[in-house]
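Reading through the structure tokens given below for one structure.
The values are calculated or read from the model by the stated rules, or taken from the named source; none is laboratory data. Remember, predicted model here, so these are calculated numbers, not experimental data. Virtual Cβ from ideal backbone geometry, glycine too; neighbours counted across all protein chains shown.
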Amino acid sequence: MKNKILGLALSFGLWPLTGQASPSTQENQVLRAIDDICGDTWCEGSFNYRFQRVEVDQAKKRAEVLFEMSTDVSYSFQIASEKPVRAQVLNQSFAVSCQIEGISEPSDMLSGTHSLRWDVYISLNDCISSLEGKFLRILRQ
């Protein structure tokens, strides 16, 4: 049933859950390249990632990679003199984006059709590392 709904949404040009137009072929190639590198880098850490869109502003020559970062969060607390309680909040998520300068179209982000350009990877890596650090500090408070 889920596949039929997904197929129906895609056939109408809607991206599931967002109601936005489905990604272009070039955008899909970029998202696939990001997913491919993610398994060996960021996705091995504390967060799960769902890369959703790549939006390019041709006038500003800038791409924005929109994605969701999520993680399981555990809390320990004690109420007065009772036994300590440990609670787990599943899937704390953050909708975020990273901007990459010097991009006029999605294909500018690729080296060939299946890999990110090195400078794009470095920009994305720096942004994601910064976001991870910020969110880990927030979650530890």
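Among the conditions (1) under 24 Å from H114 (Cβ atoms); (2) surrounded by fewer than 17 Cβ atoms within 10 Å (Cβ to Cβ); (3) more than 12 Å from the chain's Cα centre (by Cα); (4) modelled with pLDDT of 80 or more, the only one that Q26 does not satisfy is (2). Among the residues of the stretch 101-128, those identified as of a type in the set (S, T, Y) and surrounded by 13 or more Cβ atoms within 10 Å (Cβ to Cβ) are S104, S107, S111, S115, Y121, S123.
Checking each residue in the stretch 129-138 for being surrounded by 16 or more Cβ atoms within 10 Å (Cβ to Cβ) and over 13 Å from T41 (Cβ atoms) picks out L131, F135. Within the stretch 86-133, the residues that satisfy the criterion of being among the charged types (D, E, K, R) and modelled with pLDDT of 90 or more are E101, E105, D108, R117, D119, D126, E132.
Within the stretch 67-85, the set of residues being touching a Phe, Trp or Tyr at 6+ places or on another chain (Cβ under 8 Å) and either under 23 Å from L131 (Cβ atoms) or modelled with pLDDT of 90 or more (or both) comprises F67, E68, M69, S70, T71.
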